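Below you'll find the structure, written out as structure tokens, and then a few comments.
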Amino acid sequence: MFDRSGSCGSGVADMAVKPTIESARLVLRPTVADDAANLLELDRDPEVRRFVDQPEEPTLALMEAAIGRVLAIDASDPSIGFWMAEFEGRFAGWFHLKPPREGEPSEPGDMELGYRIHRHLWGRGLATEGSRELIHHAFSALGAPRVIACAMVENHASTRVMEKLGMQPWRSWIGTRRAGGEWSAITYARAR
């Protein structure tokens with residue numbers, strides 16, 4: 001279990017296993033291979049995918065491939081990557097904390113925060129609660145100088161979460177969709 005003081009050992013190199021992070025209502029746990037079915041159920045909801053660049057219709061094979069990439073990240077550095085979220089003992093979604101993707105606005109040392117939550121759980125503050133725990137992890141355990149988060153400009157629910165986390169608008173930019181076309185995005189940032 002992750003200690004809120006950040007003491008999982010003396011540093012990132014000592015973390016042999018991805019920490020489980022608990023908040024008042026959420027358990028953020030390491031990913032397991034069986035989570036492919038959970039991800040498929042989550043991503044089958046078009047409203048959940050509405051503000052993400054995920055043009056492919058989700059399939060179990062795509063989710064299994066995604067889980068393989070997540071487990072590879074965990075194996076190389078378990079202090080970052082994806083955490084599966086559980087609320088009241090059931091899968092609720094996922095959170096990530098990792099270096100930003102190439103092409104996204106960032107500066108050296110930044111860690112990018114992201115999440116996806118089942119629609120029936122929206123409006124309960126779970127995205128804010130889980131994100132707050134990962135921001136704490138980024139600053140206390142990883143020593144990150146800053147955490148950033150990106151959203152499509154029209155995704156007002158996500159930008160409200162970022163504002164509740166004390167993040168400030170930092171840069172607006174244009175992203176390219178995998179299926180063609182562009183989308184307007186905004187990056188929020190919070191320094192340590």
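Which value in deg cm²/dmol, rounded to the nearest 500, describes the helix-derived mean residue ellipticity at 222 nm for the chain, given -39,500 (n - 2.57) per DSSP H run of n ≥ 4 and division by the residue count? Intermediate values should be presented prior to the final figure.
Working: 4 runs with 50 residues, N = 192.
Taking each H run of at least 4 residues, the total per residue is -8000 deg cm²/dmol.
Based on alpha-carbon centroids, what's the gap between region 100-119 and region 144-191 in Å, whole number please?
One Cα centre to the other: 9 Å.
With a 1.4 Å probe and every protein chain kept in, tell me what percent of the accessible surface of region 109-180 is carbon plus sulfur.
On region 109-180, the fraction of accessible area on carbon and sulfur atoms equals 50 percent.
Sorted by accessible area with a 1.4 angstrom probe, largest first, how do Thr159, Thr59 fall?
Most to least solvent-accessible, the answer reads Thr59, Thr159.
Candidates [x] 0.96; [y] 1.09; [z] 0.93; which is the computed Rg/Rh (Cα atoms, Kirkwood Rh)?
This structure yields the entry labelled [z].
If you take every DSSP beta bridge fully contained in the chain, what fraction is antiparallel? Give it as a percent rounded to 5.
Taking every DSSP beta bridge within the chain, about 95 percent pair in antiparallel fashion.
Just flag the GluC sites (Glu not before Pro) in region 128-192 sitting in loop per DSSP whose Cβ has no more than 15 other Cβ atoms within 10 Å.
Here the sparse-neighbourhood loop sites are Glu154.
Residues with amide H under 5 Å of Gly81's amide H, sequence separation 5 or more or different chain, H placed in the peptide plane at 1.01 Å from N; which?
Leu97, Lys98
Taking 7 Å along the Cα-to-C-beta vector as the label spot, tell me the Ala33-Ser76 distance in nanometres, rounded to one decimal.
2.1
Rank Leu62, Leu134, Leu26 by mean-square fluctuation in a GNM of the chain with C-alpha springs under 10 angstrom and give only the top-ranked residue.
Leu62
The values are calculated or read from the model by the stated rules, or taken from the named source; none is laboratory data. This one's a predicted model, so the numbers in the text were calculated from it and none came from an experiment. No Cβ is skipped: glycine too gets one built from the backbone with ideal geometry, and neighbour counts run over all protein chains shown. Note: areas computed on protein heavy atoms with side chains; ligands, DNA, RNA excluded. Shrake-Rupley method; radii C 1.70, N 1.55, O 1.52, S 1.80 Å.
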